[in-house]
Structure formats: structure tokens, C-alpha cells
Amino acid sequence: MNEQEKEEYLEEYAEEKKKGVDFFPDIIFKDTLVMLIVFLILFGLSAFEGAGLEEIADPTDDSYTPKPEWYFLFLFQLLKFFPGNIEVVGVIVLPTLAIAFLAALPWTDRSTRRHWSGRPLVTGVTAALFAGGVFLTVQALLEAPAPGGDAVTAQGDPVAELYSANCAGCHGTSVVANPGTDFYRVIAGGTHEGMPAFASDLTVEEIDSLVGFILVPRGNDTFAATCGDCHAVGDLVEIEPSELRDALALGADYSPHSGAGVPVWGEILSDDVQAQLLNFLSAPDGQRLWSQQCAACHGTSVAFEGGEAELRRVVIAGGSHLEMPSFREQLSDEEIAVLAGFVTGAEVGPEAAALWTASCFGCHGGRIPTATSHAAAVAAITTGGAHETMPVWGEVLTDEQLDSLVDYVVGVASGSGASGGKELYAQNCASCHGALGEGGPNPTRVGDIIAPISTAEYLETRDDRTLEAIIAQGQPNFGMSPFGSAFGGPLDNEQIDAIVAFMRAWEADPPVDLPPEVPDVPAATASGSEVFAQLCTQCHGVEGEGPIGPSLKDETWQASHTDEEIFDAINLGHSATPMIAWGEILSSAQIGELVSAIRDLGRPPPAGIPTFEANVLPIFERSCNLCHGTSGGWSGSTYSDTLLTGDPSPTIIPGDPLNSRLLQTLNGTHPQGVVMPPGSPLSDLDVETITNWIVGGAPEN
Amino acid sequence: MANRKETRSARVGDWVDERSGWRLAWSTVFIRKIPKVNWLYTLGSATLFVLVIQVVTGVLLTFYYVPEPAQAHASVRYITHELSFGWLIRGLHHFGASAMVILTIAHMLRVVLYGAYKYPREITWLTGVMLLLLVFSFGFTGYLLPWDQRAYWASVVGTQIAEVTPFIGSWLKTVMLGGEEISALTLPRFYGAHVWALPAILLSLVGIHLYLVVRNGITSIPKKDE
């Protein structure tokens, strides 16, 4: 717009103004009317709708589906079109472009045209932006409350729809996860990072289908092309892998398929595609495979002590490795007959189930073995022996399934992968709960005893989620600080899982039944070294070498901490570590003594006979010479002063510690005067050094 | 009587005018002619009106609201359910936020439709775009304050989205949250932004915006050939 055009515009505008209306009161009246309407609408909404208030925020409730305010829904919805790495396009690039477009309008559109029809580009783009925003908002509202997504749409395919409705909204078109992730568990239970638990929204079959869908990318298509005509995925995911193998290999000879015109898929499909199909229906998710295939016989606790290769061999080979005891001695003939009836499916009374539970359930679990005849069952029960054979899993499971299963067992038994649960337990838990979970004195509450956490009763009544929550969030009422990183603690989710897995390994053979006899908390009269031996050694080691806490005898540690710092550390503790604020339990005097006891750790007693210059003088300078030597009386500043001054002198009789006045004063065995130094006696080590020096003849060098 | 009263009020008016020049200000703002306009031109003043509602109710809310995680929810519950007319104060503020968004956008659409961002009103338009962003920022920071489930989790998602910003994403998130997670540090931040920082910026920009509207006058409705 040049100067002339500007002038023209201003003239025209002045004309319009002249022909126009009065701002006050005409326009003000219209404005007021609209304001009144707006106010009435807002008032009505407040009165009849009301500003809602939900439950107080609960950061641990990750099953909550986040709902942004409606005017942010368009952004939320836009994100679903840009999953994964290109998220930044939806979040930053497009909104920034839109705002930049608006802000730059006066400079990009420099024509003099003002009517909308004269500016098709500007009105077009603005209309498109507005329509896009409205469209996205409406779409998001329609999809609510399920956080669905459009990233994956496969109409008619139930699993893909399931994925699209439940997972794609956050994960986009595919899920990237570390190998070895227990997918079933993650989906069912959620994660601490904010993924909700789906166990209450999805059936077991749906979760199983999803795991297969996620882990076996093309499995779903294969399924649709082969089994999909007759079966729904949800119907087949629960079927035993061996059945699936049979169905593929036998064709019409597989009895449920007889007469259905089912081809012999085993001959049509390549091995790879068959494996894909089997993996899809029974996903290579070790934890899930274990609970489906192994737990019935082996229980839920995975305790395996052996190498990966050995485990793999056993699983692949299967066979007889269970030794059942002979029950001839333990059960009466009638009882054996009842049990035999139970396992052969004969009509038996309710006592049969009770008997089964009492005698057999411990090993067999819920899986009741079947016997061909009553006689065979009686024989098996009376003679025992290896009659229950493990399936030859090598023929049933695919390579991927075997890998995941072996990885899971080895991982859990050794405490999950890289971060061993056992080590983590020892570092974080053992100081209060004991190395075997036997419990002990509660350091944070005087007189309280921590009950064992490794009893069968404790472990059976708490599921993994509960244990994880306890570790992550702590139990503030009982003095347990939170250990989860989300709550300010030192452990991440995997580490907590590893600790829980380690604890689960106790379940098969609980190491303790009752709380141990434990020493009381240190009496208020206990000396520093006694307190150290009772409390500090749990973490810092008997000599301060520190298996868990830092090494206290370490020279650099000793050099880099002043007495005040050590005192404070003991008094106030370190948050989020087992080092609690001992100031609540110990007196200041005890902590002071502890500091000197800890200082002793850094000064190991000299080998051989201590000498004045090397060992004794430093003690005097540190603890005595501030007062002695300047204010008369005995002086410890030089060798000769030490031996000759004092009243009565000498205070030291070489070779005779009992009669040396110096030691009597230090030990408090002299009838006169106070124990020196007043208020803060020398540490045991210092006294011992001086004693040894006198015993050894009090040499100068 | 009436006459004397008039004279007296006129005298007071004169006295004040002599010292403040209010008559000039009044006549500049109100006693002026503007081109013939339609109802769409009330959107701006409606937005201003809702802004006043937001300020008034917002100030009232701060009398009772406690920006501290342990008490925020309880104080909002108190305002909503127990305080006399608390439901109205909070209701107006809550729905007023939506009204702000709707009216601001509608107002801007009118401006684009009539080409009102052109000479001599470019700066008015620019401040308007900034005000739009501010309105959204108010919505985002205000959303967390009730500290209920909806507020908390929406803010979790919102700050995660902010983290996607290239280069400064994680820094931005840390600044917003005062750490890695929403915590006791986050709420005072959002509160401080919502009741101190953002209003200061917004009111300054609104001042400029209104000054320019009065100075340059409202656009006339463009004719087909314009």
C-alpha cells in the first residue's frame, strides 16, 4: 500500500465515520446487550452445569484416562496423526506455522482489497484452519472417552481394531519395547510411567491377542488368511500350543476339523509362516508362557539354579524328571481309592477334593493328572516315582517362544537381566529386612520390630503389584522411605521388578517362619563403638569397609569429611537411602562418640610398639595440647615434657600402664579429678595406642 | 433544587477535569462517531467483558484458594460446595475460560473476514494474535490448579507434549514442572504464572490493543468492490 492508497483509505474511512453512528450510546447499547447475554449463559452454565471437581489428584492411579480441556482437544487429536518420531510435526511445526501465518497476515497480504472475496487465499486458509480445528475437536469428542487413534485402522479386523482403540492413541502404529519385556504383564498391569492398567478393560483373550499382534508384526495378516475365516483370534489364543501344532499338521485328521474342509496347513505354509502364526497366537512372552504352560506344575515362583544351556536342554527334551513319593505309607487304602476315583473322573464325594488339596496340590497344582483306569491310578499313587512327564516342549514351542521362556526363567531366577535382584535386595533392603527377609529391629521406631517378609504367609497374600507399590512408595507410617524413582527414591521400575522377582524366589521354600530374636535398639548408655558395632556395621561393615554404605575407612572419604559433616550425616541422615536420621534415636553425645569411633577406622592401630613422635604426639596435639602446655601443669607438647611435667610427676611410668597417672586419668580410674579430656573422652583406639606405647617402654622414636 | 444539584455536580466535574482532563478522555473514548457496523462488531467488547469477569472472579478465587498440593483440592472443594456464591464465582471463572477462547477466535474470524488487520491496524492485529496465545496459556496453567484427577493427568499429558519441542524440550519441561515430574513444586509455578505473570502481560497487551482500537477507529464493513 503506497502513500496515495493510504490517503485514499483514510479519506474513505472518514466519510464512513461521518455517515456512521454514535459510539455512545448506540454501540455501547448493543455491546451491553451482548454482554448481558454472555453473562446469562455463563450464569446458567454455573448454576445448572457447575464447574466439576473430580477426586483429588492421585499420581499413582495410572489407569486414569487423561482428558484435556476441550479447547486443547484439537492438539491432542492432531498428535494421533503424527505418532512416534514425527510427533514434533503435530506438536510444534503445524501449530507454529498456523500462528506464524496469522501473525504475518498484515505483511503477507499487502493488497488494498478488503472484501473477503478479493482475498481468496487468506480467507481460504483461515477457513481451512478453523474448519480443521473444529473437525479435530469434534473427532476427539466423538472418540472419547476411549483414547482411540486413527493411526491404525483396519476395518473388520478385530485385533487391529483392538490395538487401534487401546494402544495406537499413545504408541502409534507399532510398539517399540526392549526385548524380553513381559508384554502381557505390562498391558494388564500398566507401568509406573503412566501407561494405564488394562486388566479391567480388556479380557484375558483380548490382551493375549494384543501381545501377539504387537510381537509378531505380520502374524495378524497370516491369521486372517488362514484361520480367520472360521475363527476369531480371541478363541484361539487360549488353546494349548500343542493343539495348534496338531491342527496345522493334521489337516482334516485333526478331530475338531474333520469334515470342515481344512487343508493341511503344515504342508502349504512354509516353516517361517507357521512359526509366525504360532507366535501370533501364543506370543513369545516368557512371563505369559510360564504362567500358561509351566506354572500349573512348577508353581508361580520361578526358582531355577542352573545355567541357561541346561535349562534350554531340559525344556526342549521334556521327559520324566519329577519324582513323586510313594503314598503307600502315608495314606490309607480307602484314601488312595478315593484319590484314584478323583483323578479318573469317577463319582466321588467332596472329601476327594479335600484329600487332593492336602496330598497332591502342592506339586500338581490345579492340573489334575488323568489316569486311564482306576487300577492305573491306584498304582501310580501307591508306588510314586516318575510318572508325570514334562511335555517335549521342543516339539511344541517355536524357537522364539522357547527363547523368551528360557530368557524369562533365567532372568527371573537370577534377578532379571543386568540388574540382579539379589544384589539390589542386599543393597537396599537387607539392612532393615535382613539378608533373608527375616526382619529385625526397626531403626526408625524405637522398640518396634520389622516382621519377616519372606514367610509363605506374607508372600502368598501379596501379589507382585502390591510388593512393587510398597517398594516404590515406601510405607511412611512404618518408617520405610520410598525407593521408586517416581517417588524420589533410587530405584527404577526394572530394579523394583527385579527385587520383587528375587523375593518371589523365596516363596517356593520360605527361609523363615517367625521373626528372629533381635537385640533391642541400643541403650542410651551404649558407647560410640558399641553403637557402631550394633547399628552401623549392618551397612558399613565391621571395619567400616562398607558392603552397602560408603567405606568409612577409606582415606579419601576420611580426608574429605569434617567431623561436623559426619555428625550431621548421622544426625540428619540422607534422604531416600537406608541411612536414616539417627538423631531421633541416639543422643548427641553418642553421635559425638560415633564420630570419633568412625575417625578411628581411618587410623588403623600401628603395627608393633607405638612411638611418641609417630603415634602419641598426634593424639596429644589433637586432644590435649589446646589446654595443656599453655596453662601450666602437665604438658604433652614434647617428649621430655610429657615424661617430666605434671604434678606429681612423672605421669608416665614406662612399662607400667596401671600406675601411670596419665592413663588413670584417661580411663577414669584415678580417684581424683575428671576423665580427660573433659566432656569428650578419647576414643578407645587412642587410649589403646597410648596404653601400648607405655607398655612398650614409651619410646620416643 | 434540581438546577442547583446540576450546577453542583457540574462544579465538581469541572474541579476534577481541571486537574485530570477526564472530559477529554471521556469524549475521546465515548463521544465519537464510528462507521455503521453490524452485530459481529460486538464480539471484541464481549471478549473484554468476559476478561473483566475472569479478573474479578479470579481475584475472588485467590481469597480462598491455596496453591499447595495438600490443600489445593480441599480449598477448591470448599469454594465450590461451601462458600456462599462460591459455585457462581468458580462457575463463571471456569466457563468464562471457554467463553474467552470461543469469543477470541470468533472475534479474530470477524477481523479476517473484513480484512481489518490491514493498514492502519497492523499492530492491533499483532497484539490480538499474541492475546490468543495468552488465552490458551491461561487455559493450560489454570487447568492444573484444582489439583483433581482431571487436572493432574491433563497436565501430565500437556507437559509431555511440551517435551517434544526440538532442542529445548526437556529443558522446557523441567522449567514448567520444577523437576522431572509434577510435584509440590509444579503447582506454585502454574499458580504464579496464572495469577501474576500471564495477567501482567495480558493486561498490558489489552491496554495497547484498546488504545489502538480507539485511536484508529473500528473498520467499516468493506463493500464488494473494496
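Annotations for the structure displayed:
- Cβ-derived FRET efficiency at R0 25 Å, A:Asp568 paired with A:Thr669, nearest 0.05: 0.15
- Proximal charge balance of A:Val211 [Cβ under 12 Å; K/R count +1, D/E count -1]: -3
- Protection-proxy order for peptides A:491-504, A:579-592, A:67-80, each taking the mean of Cβ atoms within 10 Å per residue, highest first: A:491-504, A:67-80, A:579-592
- Here the dipole of the protein assembly as shown is about 6760 debye; that uses its Cα centre as origin and unit charges on the Cβ of Lys and Arg (positive) and Asp and Glu (negative).
- Label-point gap, in nm, between A:Asp229 and A:Val314 - each point 7 angstrom along Cα→Cβ: 4.5 nm
- In terms of packing, defined here as the mean over residues of other Cβ atoms within 10 angstrom, the peptides A:105-116, A:479-490 line up highest first as A:479-490, A:105-116.
- Taking the average, over residues, of other Cβ atoms within 10 Å as the packing measure, peptides A:615-625, A:17-27, B:45-55, A:653-663 rank B:45-55, A:615-625, A:653-663, A:17-27 from highest down.
- Positive-pole candidate from B:Ser204, A:Gln427, A:Gln293, dipole of the protein assembly as shown, charges at beta carbon: B:Ser204
- Helix-only arithmetic for the protein assembly as shown: the sum of -39500 (n - 2.57) across DSSP H runs with n ≥ 4, divided by the residue total, places the mean residue ellipticity at 222 nm at -16000 deg cm²/dmol.
- Value of relative contact order over region B:1-124, rounded to a whole percent, pairs C-alpha under 8 Å and six or more apart: 28 percent
- Anisotropy class of region A:57-145 from Cα gyration tensor, a/c 1.5 cut: prolate
- In terms of its alpha-carbon gyration tensor, region B:37-216 comes out oblate; a/c meets the 1.5 threshold, while b/c is at least as large as a/b.
- Selection among B:Gly13, B:Phe30, A:Ile619 by position relative to the dipole of the protein assembly as shown gives B:Gly13 as farthest towards the positive end (Cβ unit charges, Cα centre).
- Mean partner shielding of peptide A:665-675, defined as the number of other chain Cβ atoms within 10 Å of each residue Cβ, is 0.
- Relative contact order of region A:528-601, taken over Cα pairs closer than 8 Å and 6 or more residues apart, is 34 percent.
- Pairwise FRET efficiency - A:Glu54 versus B:Tyr211, Cβ, R0 = 51 Å, nearest 0.05: 0.75
- Residue by residue along A:41-52, Cβ atoms of other protein chains within 10 Å of the local Cβ number 6 on average.
- Inter-centroid distance (Cα atoms) of region A:227-253 relative to region B:157-226, Å: 58 Å
- Debye intensity ratio in log₁₀ form over the Cα atoms of the protein assembly as shown, taken at each q of 0.07, 0.08, 0.11 Å⁻¹: -0.88, -0.99, -1.33
- Peptide B:48-55 has a mean of 2 when you count, residue by residue, the C-beta atoms of other protein chains within 10 Å of its C-beta.
- According to the Cα-based calculation, Rg over Rh for region A:528-601 is 0.91, with Rh computed by the Kirkwood formula.
- Dipole magnitude (debye, nearest 20) for chain B, charges at Cβ of Lys, Arg, Asp, Glu: 1120 debye
- Distance (nanometres) between label positions extended 7 Å along Cα→Cβ at A:Ser332 and A:Thr65: 6.0 nm
- At an R0 of 51 angstrom, the distance between the Cβ atoms of B:Val12 and B:Ser84 translates into a FRET efficiency of 0.90.
- Whether region A:612-695 is rounded, prolate or oblate, judged on the alpha carbon gyration tensor where a/c under 1.5 counts as rounded: rounded
- Summing Cβ point charges (Lys, Arg +1; Asp, Glu -1) relative to the Cα centre of region A:414-504 gives a dipole of roughly 180 debye.
- Counted charge near A:Ala354, where neighbours are those whose Cβ lies closer than 15 Å (Asp, Glu -1; Lys, Arg +1): -3
- Antiparallel DSSP beta bridges within the protein assembly as shown, percent to nearest 5: 90 percent
- Each of A:Gln534, A:Ile570, A:Ile598 was placed along the dipole of region A:528-601 (beta-carbon charges, centred on the mean Cα), and the one lying farthest toward the positive end is A:Gln534.
- Label separation (B:Ile31 vs A:Phe101): 4.6 nm, computed from points 7 Å beyond Cα along the C-beta direction.
- Whole-angstrom gap from region B:15-34 to region A:39-70, using each part's C-alpha centre: 45 Å
- Entry note, region A:612-695: relative contact order of 23 percent, from Cα contacts under 8 Å with a spacing of 6+ residues.
- All other residues whose Cβ lies under 10 angstrom from that of A:Tyr408 are scored, Lys and Arg at +1 and Asp and Glu at -1, for a net of -3.
Coordinate-derived values only; no laboratory data. Since this is a predicted model, take the numbers as computed values, not measurements. Note that we place each Cβ from the backbone using ideal geometry, even for glycine, and neighbour counts take in every protein chain shown.
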